[in-house]
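Trainee: Got a structure for you, written out below as structure tokens; questions coming shortly.
The values are calculated or read from the model by the stated rules, or taken from the named source; none is laboratory data. No experiment lies behind these values; they were computed from the predicted model shown. No Cβ is skipped: glycine too gets one built from the backbone with ideal geometry, and neighbour counts run over all protein chains shown. When the accessible area is computed, the model is the full protein with side chains, heavy atoms only, and any ligands, DNA or RNA have been set aside. Shrake-Rupley method; radii C 1.70, N 1.55, O 1.52, S 1.80 Å.
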Amino acid sequence: MSDVLDRLAEVLEARKQASPDSSYVASLHAKGLNKILEKVGEESVETLLAAKDAAASGDNSDLIYETADLWFHSLVMLSHLGESHEAVLAELARRFDLSGLDEKASRQS
């Protein structure tokens, strides 16, 4: 599945250079980091609400849809700041042999 992320990263980078009139991603970049962060926040809330609804209904379809939106806008944010999904995947890989409790404790020091 990381090839999906690779392909999406390529599209996001290409769209950075597109006209804001013809590309949603380009329009986000043109509006700046605060607009991108606003979208990440909005999608976070929508994901949380979808999770609550899914817990009550047993239907996860909206949760999957909203999570995809959240990931997409998070990738736009990373791209805007000169990072990529690869840095996030590397950080997740680094944590494989680390207890979640130990990792959290290491951040508090």
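Trainee: Put +1 on the Cβ of each Lys and Arg and -1 on the Cβ of each Asp and Glu in region 32-109; which of L37, L75, A90 then has its Cα farthest toward the positive end of the dipole?
Mentor: The residue sitting farthest along the positive end of the dipole is A90.
Trainee: Would you calculate the separation in nanometres between label points at L81 and A54, each defined as 7 Å from the Cα along the Cα-to-beta-carbon direction?
Mentor: Computed distance between label sites L81 and A54 equals 2.4 nm.
Trainee: Here's something else I'd like to know. Run the 1.4 Å probe and let me know the accessible area of I64, rounded to the nearest 10 Å².
Mentor: 110
Trainee: Let me have the relative contact order for the chain, percent, based on Cα pairs under 8 Å that are six or more residues apart. Provide the component values of the computation, followed by the final result.
Mentor: Details: 68 pairs, mean separation 25.4, N = 109.
Averaging sequence separation for qualifying contacts and normalising by length gives 23 percent for the chain.
Trainee: Go ahead and estimate [θ] at 222 nm for the chain from helices alone: -39,500 (n - 2.57) per DSSP H run with n ≥ 4, summed, over the residue count, rounded to 500. Working shown, then result.
Mentor: Working: 6 runs with 86 residues, N = 109.
When only DSSP H runs of four or more count, the value is -25500 deg cm²/dmol.
Trainee: Compute the accessible area per residue over the chain, keeping the other protein chains in place, probe 1.4 Å, unit Å². Present the calculation step by step, with values, prior to reporting the outcome.
Mentor: Details: 7600 Å² over 109 residues.
Per-residue accessible area for the chain comes out at 70 Å².
Trainee: So for the chain, what percent of the C-alpha to C-alpha distances run longer than 24 Å?
Mentor: Values: 2384 of 5886 pairs.
Looking at the chain, the distances longer than 24 Å represent 41 percent of pairs.
Trainee: For the chain, modelled as a Gaussian network with Cα springs under 10 Å, which listed residue fluctuates most, V25, V45, V76?
Mentor: Residue with maximal mean-square fluctuation among V25, V45, V76: V45.
Trainee: Another question about this same structure. Given Cβ point charges of +1 (Lys, Arg) and -1 (Asp, Glu) and nothing else, what value in debye, to the nearest 20, does the dipole of the chain about its Cα centre take? Kindly include the intermediate steps, with their values, before the conclusion.
Mentor: On the way: 11 positive and 20 negative charges, 74 e Å.
It works out to roughly 360 debye.
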